[in-house]
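Single-structure report; data block below.
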Amino acid sequence: MGPDGAPSQSVPWRKVLWEQQPFPDNYVDQRFLEELRRNEGIRQYRYWAVVKEAGFVGQQLSCVAIFITLWLYMEQGLLAPETLFWTSLTCALLGYGLYQALTSQTESCSDHHIHLADSQSAVLFLSFTFGFSPVLKTLTESVSTDTVYAMSALMLLAHLVSFPYAHPSPPGSLSLNAALFASVCLASRLPGALHTFAMLTCALLVFALWPCLLQRIRANAPGQFTGVCVGVCVGGVGGLGSQSLGGAVLLSLALVSVTLICPLLLVRLQRHKDNIHGPWDEAEIHEDLSRFLH
(Lines give C-alpha, C1' and ligand atoms only; values in the text may rest on other atoms or scores of the structure.)
Protein backbone atom coordinates (compact mmCIF):
# COMPACT_ATOMS: atom_id res chain seq x y z
CA MET A 1 0.00 0.00 0.00
CA GLY A 2 1.23 3.41 -0.92
CA PRO A 3 0.25 7.01 -0.39
CA ASP A 4 -2.61 8.66 -2.17
CA GLY A 5 -1.98 9.41 -5.80
CA ALA A 6 0.30 6.40 -6.34
CA PRO A 7 0.41 5.15 -9.94
CA SER A 8 -1.71 2.21 -10.91
CA GLN A 9 -0.35 -1.29 -10.56
CA SER A 10 0.01 -1.57 -14.34
CA VAL A 11 3.61 -0.50 -13.73
CA PRO A 12 5.15 -3.05 -11.36
CA TRP A 13 7.08 -1.66 -8.41
CA ARG A 14 10.54 -3.00 -7.74
CA LYS A 15 12.50 -2.58 -4.54
CA VAL A 16 15.59 -1.08 -6.11
CA LEU A 17 17.30 2.26 -5.77
CA TRP A 18 19.24 2.40 -9.02
CA GLU A 19 16.17 2.47 -11.28
CA GLN A 20 13.94 5.47 -11.87
CA GLN A 21 10.32 4.49 -11.07
CA PRO A 22 7.04 6.42 -11.19
CA PHE A 23 6.46 5.93 -7.47
CA PRO A 24 7.05 8.15 -4.42
CA ASP A 25 10.13 7.43 -2.33
CA ASN A 26 8.04 6.13 0.56
CA TYR A 27 5.94 3.76 -1.56
CA VAL A 28 5.60 0.08 -0.58
CA ASP A 29 3.28 -2.56 -1.96
CA GLN A 30 1.13 -5.22 -0.27
CA ARG A 31 4.08 -7.57 0.09
CA PHE A 32 5.72 -5.28 2.64
CA LEU A 33 4.28 -7.03 5.73
CA GLU A 34 4.64 -10.53 4.31
CA GLU A 35 8.27 -10.52 5.39
CA LEU A 36 7.45 -9.49 8.96
CA ARG A 37 9.15 -11.74 11.53
CA ARG A 38 8.50 -11.60 15.28
CA ASN A 39 10.81 -12.55 18.16
CA GLU A 40 13.46 -14.01 15.92
CA GLY A 41 16.23 -15.70 17.90
CA ILE A 42 14.62 -15.08 21.29
CA ARG A 43 16.36 -17.01 24.05
CA GLN A 44 14.13 -18.88 26.47
CA TYR A 45 15.30 -18.74 30.07
CA ARG A 46 14.68 -21.32 32.78
CA TYR A 47 14.02 -19.90 36.22
CA TRP A 48 16.41 -22.00 38.29
CA ALA A 49 19.18 -21.63 35.72
CA VAL A 50 18.84 -17.85 36.00
CA VAL A 51 18.79 -18.10 39.81
CA LYS A 52 22.03 -20.07 39.71
CA GLU A 53 23.74 -17.43 37.59
CA ALA A 54 22.34 -14.65 39.79
CA GLY A 55 24.02 -16.36 42.71
CA PHE A 56 27.31 -14.85 41.57
CA VAL A 57 25.84 -11.38 42.03
CA GLY A 58 24.48 -12.29 45.45
CA GLN A 59 27.72 -13.75 46.71
CA GLN A 60 29.69 -10.72 45.51
CA LEU A 61 27.33 -8.50 47.48
CA SER A 62 27.90 -10.77 50.48
CA CYS A 63 31.68 -10.55 50.01
CA VAL A 64 31.44 -6.78 50.40
CA ALA A 65 29.36 -7.30 53.54
CA ILE A 66 31.95 -9.75 54.94
CA PHE A 67 34.75 -7.28 54.28
CA ILE A 68 32.86 -4.48 56.03
CA THR A 69 32.14 -6.81 58.96
CA LEU A 70 35.84 -7.65 59.34
CA TRP A 71 36.69 -3.95 59.23
CA LEU A 72 34.14 -3.22 61.97
CA TYR A 73 35.64 -5.95 64.16
CA MET A 74 39.11 -4.51 63.60
CA GLU A 75 37.98 -0.97 64.38
CA GLN A 76 36.33 -2.07 67.60
CA GLY A 77 39.37 -4.06 68.69
CA LEU A 78 37.49 -7.37 68.60
CA LEU A 79 39.80 -8.88 65.97
CA ALA A 80 43.58 -8.81 66.22
CA PRO A 81 45.46 -7.90 63.02
CA GLU A 82 47.72 -10.93 63.44
CA THR A 83 44.70 -13.22 63.48
CA LEU A 84 43.24 -11.66 60.36
CA PHE A 85 46.55 -11.78 58.51
CA TRP A 86 47.36 -15.42 59.24
CA THR A 87 43.79 -16.45 58.55
CA SER A 88 43.87 -14.64 55.20
CA LEU A 89 47.22 -16.18 54.33
CA THR A 90 45.98 -19.67 55.20
CA CYS A 91 42.82 -19.21 53.14
CA ALA A 92 44.90 -17.90 50.23
CA LEU A 93 47.16 -20.97 50.29
CA LEU A 94 44.23 -23.37 50.53
CA GLY A 95 42.42 -21.52 47.75
CA TYR A 96 45.50 -21.60 45.52
CA GLY A 97 45.81 -25.34 46.04
CA LEU A 98 42.14 -25.84 45.20
CA TYR A 99 42.50 -23.63 42.12
CA GLN A 100 45.39 -25.72 40.85
CA ALA A 101 43.52 -28.95 41.60
CA LEU A 102 40.51 -27.80 39.61
CA THR A 103 42.71 -26.53 36.78
CA SER A 104 44.56 -29.82 36.43
CA GLN A 105 41.32 -31.60 35.59
CA THR A 106 41.08 -29.94 32.17
CA GLU A 107 44.44 -28.31 31.52
CA SER A 108 48.05 -29.14 32.00
CA CYS A 109 49.17 -26.62 34.59
CA SER A 110 52.12 -28.48 36.11
CA ASP A 111 54.63 -25.90 34.96
CA HIS A 112 56.80 -24.97 37.92
CA HIS A 113 57.56 -21.59 36.38
CA ILE A 114 53.91 -20.57 36.88
CA HIS A 115 54.04 -21.49 40.57
CA LEU A 116 57.32 -19.64 40.97
CA ALA A 117 55.91 -16.51 39.30
CA ASP A 118 52.82 -16.64 41.52
CA SER A 119 54.98 -16.98 44.63
CA GLN A 120 57.13 -14.04 43.60
CA SER A 121 54.05 -11.88 42.99
CA ALA A 122 52.66 -12.76 46.41
CA VAL A 123 55.96 -11.99 48.16
CA LEU A 124 56.31 -8.68 46.34
CA PHE A 125 52.77 -7.63 47.22
CA LEU A 126 53.15 -8.52 50.88
CA SER A 127 56.54 -6.80 51.09
CA PHE A 128 55.40 -3.56 49.46
CA THR A 129 52.14 -3.50 51.40
CA PHE A 130 53.91 -4.05 54.70
CA GLY A 131 56.51 -1.39 53.87
CA PHE A 132 53.96 1.21 52.81
CA SER A 133 51.46 0.47 55.57
CA PRO A 134 52.62 3.42 57.75
CA VAL A 135 52.18 5.73 54.74
CA LEU A 136 48.74 4.32 53.92
CA LYS A 137 47.77 4.66 57.57
CA THR A 138 48.31 8.43 57.44
CA LEU A 139 47.05 8.87 53.88
CA THR A 140 43.67 10.32 54.83
CA GLU A 141 44.54 12.10 58.08
CA SER A 142 43.64 15.47 56.59
CA VAL A 143 40.27 14.18 55.34
CA SER A 144 37.22 14.08 57.58
CA THR A 145 35.89 10.70 58.64
CA ASP A 146 32.49 11.32 57.07
CA THR A 147 34.14 12.04 53.73
CA VAL A 148 36.23 8.87 53.98
CA TYR A 149 33.14 6.78 54.71
CA ALA A 150 31.24 8.40 51.85
CA MET A 151 34.08 7.75 49.41
CA SER A 152 34.36 4.15 50.59
CA ALA A 153 30.64 3.53 50.14
CA LEU A 154 30.71 5.10 46.68
CA MET A 155 33.72 3.03 45.60
CA LEU A 156 32.23 -0.22 46.90
CA LEU A 157 29.06 0.57 44.96
CA ALA A 158 31.17 1.21 41.85
CA HIS A 159 32.88 -2.13 42.47
CA LEU A 160 29.55 -3.96 42.50
CA VAL A 161 28.20 -2.14 39.45
CA SER A 162 31.32 -2.55 37.28
CA PHE A 163 32.19 -6.10 38.34
CA PRO A 164 32.39 -8.44 35.28
CA TYR A 165 29.98 -11.10 36.51
CA ALA A 166 30.01 -13.05 33.23
CA HIS A 167 33.80 -13.44 33.15
CA PRO A 168 35.19 -12.45 36.58
CA SER A 169 38.61 -14.07 36.17
CA PRO A 170 40.50 -11.83 36.44
CA PRO A 171 38.31 -9.07 37.90
CA GLY A 172 37.90 -5.95 35.80
CA SER A 173 40.40 -3.18 36.39
CA LEU A 174 37.74 -0.59 37.24
CA SER A 175 36.00 -2.92 39.69
CA LEU A 176 39.22 -4.03 41.39
CA ASN A 177 40.65 -0.52 41.62
CA ALA A 178 37.41 0.79 43.13
CA ALA A 179 37.43 -1.97 45.76
CA LEU A 180 41.09 -1.43 46.65
CA PHE A 181 40.57 2.33 46.86
CA ALA A 182 37.72 1.77 49.32
CA SER A 183 39.90 -0.68 51.25
CA VAL A 184 42.70 1.87 51.57
CA CYS A 185 40.25 4.52 52.77
CA LEU A 186 38.76 2.24 55.41
CA ALA A 187 42.11 0.78 56.47
CA SER A 188 43.49 4.27 57.07
CA ARG A 189 40.94 4.70 59.87
CA LEU A 190 42.18 1.65 61.80
CA PRO A 191 44.33 2.04 64.96
CA GLY A 192 47.76 1.03 63.63
CA ALA A 193 49.90 0.27 60.60
CA LEU A 194 49.69 -3.47 61.24
CA HIS A 195 45.90 -3.21 61.13
CA THR A 196 46.19 -1.45 57.76
CA PHE A 197 48.49 -4.17 56.41
CA ALA A 198 46.18 -6.98 57.52
CA MET A 199 43.11 -5.21 56.12
CA LEU A 200 44.68 -4.65 52.70
CA THR A 201 45.83 -8.27 52.56
CA CYS A 202 42.28 -9.35 53.31
CA ALA A 203 40.97 -6.97 50.63
CA LEU A 204 43.23 -8.54 48.00
CA LEU A 205 41.99 -11.99 49.00
CA VAL A 206 38.30 -11.01 48.89
CA PHE A 207 38.23 -8.77 45.82
CA ALA A 208 41.01 -10.13 43.59
CA LEU A 209 41.70 -13.80 44.35
CA TRP A 210 38.32 -15.10 45.46
CA PRO A 211 36.49 -14.23 42.18
CA CYS A 212 39.10 -16.17 40.21
CA LEU A 213 38.64 -19.26 42.38
CA LEU A 214 34.86 -19.00 42.25
CA GLN A 215 34.94 -18.74 38.46
CA ARG A 216 37.06 -21.90 38.36
CA ILE A 217 34.54 -23.67 40.59
CA ARG A 218 31.67 -22.53 38.35
CA ALA A 219 33.46 -23.85 35.27
CA ASN A 220 34.86 -27.15 36.56
CA ALA A 221 32.62 -28.02 39.52
CA PRO A 222 29.16 -26.61 38.75
CA GLY A 223 27.53 -28.93 41.25
CA GLN A 224 29.36 -27.26 44.13
CA PHE A 225 29.04 -23.71 42.80
CA THR A 226 25.52 -23.19 44.16
CA GLY A 227 26.47 -24.46 47.60
CA VAL A 228 29.49 -22.16 47.76
CA CYS A 229 27.38 -19.13 46.80
CA VAL A 230 24.76 -20.01 49.42
CA GLY A 231 27.46 -20.42 52.05
CA VAL A 232 28.99 -17.02 51.25
CA CYS A 233 25.56 -15.36 51.38
CA VAL A 234 24.78 -16.96 54.75
CA GLY A 235 28.18 -15.89 56.05
CA GLY A 236 27.62 -12.32 54.87
CA VAL A 237 24.21 -12.05 56.50
CA GLY A 238 25.39 -13.72 59.72
CA GLY A 239 28.51 -11.59 59.99
CA LEU A 240 26.71 -8.36 59.33
CA GLY A 241 23.96 -9.40 61.75
CA SER A 242 26.53 -9.67 64.54
CA GLN A 243 27.19 -5.95 64.11
CA SER A 244 23.91 -4.52 62.87
CA LEU A 245 20.56 -6.28 62.79
CA GLY A 246 19.15 -3.67 60.44
CA GLY A 247 22.07 -4.11 58.08
CA ALA A 248 21.51 -7.88 58.04
CA VAL A 249 17.84 -7.39 57.22
CA LEU A 250 18.67 -5.01 54.36
CA LEU A 251 21.28 -7.42 53.01
CA SER A 252 18.80 -10.29 53.19
CA LEU A 253 16.21 -8.29 51.28
CA ALA A 254 18.81 -7.35 48.66
CA LEU A 255 19.87 -10.99 48.26
CA VAL A 256 16.29 -12.19 47.91
CA SER A 257 15.60 -9.49 45.34
CA VAL A 258 18.72 -10.18 43.29
CA THR A 259 18.70 -13.98 43.38
CA LEU A 260 14.97 -14.82 43.45
CA ILE A 261 12.72 -11.91 42.47
CA CYS A 262 14.74 -10.46 39.59
CA PRO A 263 15.15 -13.84 37.83
CA LEU A 264 11.40 -14.41 38.21
CA LEU A 265 10.68 -11.04 36.61
CA LEU A 266 13.08 -11.81 33.78
CA VAL A 267 11.39 -15.13 33.02
CA ARG A 268 7.87 -13.72 33.32
CA LEU A 269 8.58 -10.69 31.13
CA GLN A 270 9.97 -12.85 28.34
CA ARG A 271 6.43 -13.67 27.22
CA HIS A 272 5.73 -9.96 26.64
CA LYS A 273 8.76 -9.43 24.42
CA ASP A 274 7.74 -8.41 20.91
CA ASN A 275 10.68 -7.74 18.61
CA ILE A 276 9.82 -7.30 14.95
CA HIS A 277 12.12 -7.80 11.97
CA GLY A 278 11.44 -7.13 8.32
CA PRO A 279 12.63 -5.48 5.14
CA TRP A 280 13.20 -2.21 6.99
CA ASP A 281 16.12 -3.67 8.95
CA GLU A 282 19.64 -2.66 8.06
CA ALA A 283 21.40 -4.97 5.66
CA GLU A 284 23.75 -7.53 7.21
CA ILE A 285 26.74 -8.94 5.37
CA HIS A 286 27.03 -12.66 6.11
CA GLU A 287 29.83 -13.34 3.63
CA ASP A 288 33.26 -14.07 5.05
CA LEU A 289 35.37 -11.00 4.25
CA SER A 290 38.53 -12.16 6.00
CA ARG A 291 40.21 -12.91 2.66
CA PHE A 292 40.25 -9.17 1.96
CA LEU A 293 42.27 -8.46 5.10
CA HIS A 294 45.42 -10.21 3.91
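For the chain, the 222 nm mean residue ellipticity estimated from helices alone, with every DSSP H stretch of n ≥ 4 adding -39500 (n - 2.57) and the total spread over all residues, rounds to -20000 deg cm²/dmol. Between K273, K137, K15, the GNM of the chain built on Cα springs shorter than 10 angstrom shows K15 fluctuating the most. Give the range of the longest stretch in the chain that excludes all GluC sites (Glu not before Pro) found in loop regions by DSSP and having at most 10 other beta-carbon atoms within 10 Å. The segment 142-281 is the longest one with no such site.
About its Cα centre, the chain has a charge dipole of approximately 800 debye under the convention of +1 per Lys or Arg Cβ and -1 per Asp or Glu Cβ, with nothing else charged.
Largest GNM mean-square fluctuation across T87, T259, T69, computed for the chain with C-alpha springs under 10 Å, falls on T87. Rounded, prolate or oblate, given the Cα gyration tensor of segment 181-267, with a/c below 1.5 counting as rounded? Taking the square roots of the gyration eigenvalues as a ≥ b ≥ c, segment 181-267 is oblate. When restricted to Cα atoms, the chain yields an Rg and a Dmax of 28.0, 92 Å, respectively. Toward the positive end of the charge dipole of the chain, with +1 on the Cβ of Lys and Arg and -1 on the Cβ of Asp and Glu, the farthest Cα among L139, G227, A153 is that of G227. Accessible surface calculations at 1.4 Å, restricted to protein heavy atoms, place the chain at 62 Å² per residue.
By Kyte-Doolittle mean hydropathy of at least 1.0 and Cα axial length of at least 24 Å, which whole DSSP H helices of the chain are selected?
Values: long enough: 47-75 (41 Å, 0.97); 81-103 (32 Å, 0.66); 112-137 (36 Å, 0.63); 145-162 (25 Å, 1.21); 222-241 (29 Å, 1.18).
Answer set is 145-162, 222-241.
The values are calculated or read from the model by the stated rules, or taken from the named source; none is laboratory data. From a predicted model like this one, the values you see are computed outputs, not experimental measurements. Ideal geometry is used to build each Cβ from the backbone, glycine not excepted, and the neighbour counts take in all protein chains shown. Side chains are part of the model used for accessible areas, which takes the heavy atoms of the whole protein and leaves out ligands, DNA and RNA. Shrake-Rupley method; radii C 1.70, N 1.55, O 1.52, S 1.80 Å.
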